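Trainee: Quick one: the structure is below, questions incoming.
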Amino acid sequence: MAARVPVSRLALLGAPGSGKGTMAHKIRLHFGITSVASGELLRDHIYRRTEIGHRARSYIVAGRLVPDDFITHLVMRELQQRGDDGWVLDGFPRTLPQAHALECERVRLDAVLCLDVPADTIRQRLSSRWIHARSGRVYNTHFNPPRNAGRDDVTGEPLVQRLDDRPDAVVARLREYRERTQPLVTHFASRGLLHTFAGTETNKVWPEIHAFISSHVRSLG
Ligand SMILES: Nc1nc2c(ncn2[C@@H]2O[C@H](COP(=O)(O)OP(=O)(O)O)[C@@H](O)[C@H]2O)c(=O)[nH]1
Ligand SMILES: Nc1ncnc2c1ncn2[C@@H]1O[C@H](COP(=O)(O)OP(=O)(O)O)[C@@H](O)[C@H]1O
């Protein structure tokens, strides 16, 4: 059974393809803490063809970050719905203004887990990532392939590649990461919240993250 941590508020920081979503999934399975994934929120809006999705699409396809106030509003609304529960933020904050917005709203973070993965590994992973568009389930032809090639395990529906996993969009996303997200490393380190986990294989990094959450995460229970 999952070991439950009563209250914990974590953020996953890392380049595109560093394994944030994969780790968030493992944290939910092992600790019962669910994630708020900013990219998934946006893709869901695009899939449902909402006005928000319409605004976000051109940024995402070009590999650019969507405007700060736009994504902050979306994530804050989601967090308000969660009330006092713990959560893992996957992909937010991604810029200094987003981190400042969390502080302004007095949203407490217990720890920021930074995934440090080399760019070559990231390019390989993203070229072999496939998703089920409706649910957001993520596969990889090498790491966690679907049971039937090209088909979602649960629905049997076809898998697709993300438009922003094309090589030119990946170059743009890695540039956005270096220029706008990496400054958060210093920001969170200065607040004593940063914990970095380096490696090229999720299954080797996960035991370190598991041990960290088991021993460090604040509990109000
Ligand atoms: N080969 C390989 N692929 C992995 C590993 N960990 C995660 N992946 C895959 O790499 C891709 C990116 O991981 P994901 O969790 O989506 O990264 P995110 O973009 O940071 O959320 C997905 O297709 C994962 O299934 C690993 O250790 N090895
Ligand atoms: N916090 C954020 N700030 C700005 N744009 C975001 C944010 N989160 C997600 N996005 C947009 O959604 C895209 C996909 O995000 P995500 O699913 O987290 O992908 P990945 O971590 O694989 O790059 C980003 O490239 C960006 O366009």
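Trainee: Fully extended, how many nm does the chain gain between residue 186 and residue 81 (0.36 nm per residue separation, minus their Cα-Cα distance)?
Mentor: 34.8 nm
Trainee: Something else now. Which cross-chain or sequence-distant (5 or more) residues have an amide H under 5 Å from the amide H of residue 199, H modelled 1.01 Å from N in plane?
Mentor: 116
Trainee: When the Karplus curve 6.51 cos²θ - 1.76 cosθ + 1.60 is applied with θ = phi - 60°, which whole-Hz ³J(HN,Hα) does each residue of the stretch 129-145 get, with x for Gly and Pro?
Mentor: Each residue of the stretch 129-145 in turn: 8, 10, 10, 9, 4, 5, 9, x, 4, 10, 10, 8, 4, 9, 8, 9, x Hz.
Trainee: Could you calculate the FRET efficiency of residue 198 with residue 161 from 1/(1 + (r/R0)^6), where r is the beta carbon distance between them and R0 is 30 Å, rounded to 0.05?
Mentor: Once the sixth-power term is evaluated, E becomes 0.65.
Trainee: Another question, if that's okay. At 222 nm, what helix-only mean residue ellipticity would the chain give, in deg cm²/dmol to the nearest 500, using -39500 (n - 2.57) for each DSSP H run of four or more?
Mentor: -13500 deg cm²/dmol
Trainee: Of all GluC sites (Glu not before Pro) in the stretch 56-121, which ones are in loop regions per DSSP and have a Cβ with at most 14 other Cβ atoms within 10 Å?
Mentor: Counting only loop positions with at most 14 other Cβ atoms within 10 Å, the GluC sites (Glu not before Pro) in the stretch 56-121 are 105.
Trainee: Counting only protein heavy atoms and using a 1.4 Å probe, what share of the accessible area of the stretch 35-92 belongs to carbon plus sulfur, as a whole percent?
Mentor: Percent of accessible area from carbon and sulfur atoms in the stretch 35-92: 46.
Trainee: Restricting attention to the stretch 139-221, which GluC sites (Glu not before Pro) occupy a DSSP loop and are surrounded by at most 11 other Cβ atoms within 10 Å?
Mentor: 201
Trainee: So who's got an amide H within less than 5 Å of the one on residue 92, skipping anything under 5 residues away but keeping other chains? H placed 1.01 Å off N, in plane.
Mentor: For residue 92, whose amide H was placed from the backbone, the distant partners under 5 Å are 12, 38.
Trainee: Test of the criteria: in the stretch 164-202, which trypsin sites (Lys or Arg not before Pro) are in a DSSP loop and have at most 13 other Cβ atoms within 10 angstrom of their Cβ?
Mentor: Filter output for the stretch 164-202: 191.
Trainee: Which of 140, 56, 98 sits farthest toward the positive end of the charge dipole of the chain, with +1 on the Cβ of Lys and Arg and -1 on the Cβ of Asp and Glu?
Mentor: Checked the options; the winner is 140.
Trainee: Rounded, prolate or oblate: which fits the stretch 127-221, taking a ≥ b ≥ c as square roots of the Cα gyration tensor eigenvalues, rounded meaning a/c under 1.5, else prolate when a/b beats b/c?
Mentor: Oblate.
Trainee: Leaving out ligands, DNA and RNA, and with a 1.4 Å probe, what % of the accessible surface on the stretch 115-221 is carbon or sulfur?
Mentor: Taking all protein chains in place, the stretch 115-221 shows 52 percent carbon and sulfur surface.
Trainee: Now for a different question. Which residues does a label at residue 54 reach in the stretch 66-89, if reach means a backbone N under 19 Å from a point 7 Å past the Cα toward the Cβ?
Mentor: Residues 66-67, 70-71, 74 qualify, since their backbone N sits under 19 Å from the label point.
Trainee: If you don't mind, another one. Tell me the per residue accessible area of the stretch 130-221 using a 1.4 Å probe; a whole number in Å² is fine.
Mentor: 60 Å²
Trainee: All other residues with a Cβ under 10 Å from the Cβ of residue 68 taken together, and with Lys, Arg as +1 and Asp, Glu as -1, what is their net charge?
Mentor: Charge balance near residue 68 sits at +1.
Trainee: Here is a follow-up. May I ask which residue of 73, 127, 190 lies farthest towards the positive end of the charge dipole of the chain, with charges of +1 (Lys, Arg) and -1 (Asp, Glu) on Cβ and the Cα centre as origin?
Mentor: 127
Trainee: What's the magnitude of the charge dipole for the stretch 72-212 around its Cα centre, counting Lys and Arg as +1 and Asp and Glu as -1 at the beta-carbon? Answer in Debye, nearest 20.
Mentor: Magnitude of the dipole: close to 280 debye.
Trainee: Also, quick follow-up: If we count every other residue with Cβ under 14 angstrom of residue 211's Cβ, Lys/Arg +1 and Asp/Glu -1, where does the sum land?
Mentor: Summing Lys/Arg as +1 and Asp/Glu as -1 gives +1.
Trainee: Nearest 20 debye, what's the magnitude of the dipole of the stretch 74-146 about its Cα centre given +1 on Lys and Arg Cβ and -1 on Asp and Glu Cβ?
Mentor: 380 debye
The values are calculated or read from the model by the stated rules, or taken from the named source; none is laboratory data. All figures in this text were calculated on a predicted structure; none of them were measured in a lab. Every residue, glycine as well, gets a Cβ built from its backbone with ideal geometry; the counts of neighbours run over all protein chains shown. In case anyone asks, the SASA skips ligands and DNA or RNA and just uses the protein heavy atoms, side chains included. Shrake-Rupley method; radii C 1.70, N 1.55, O 1.52, S 1.80 Å.
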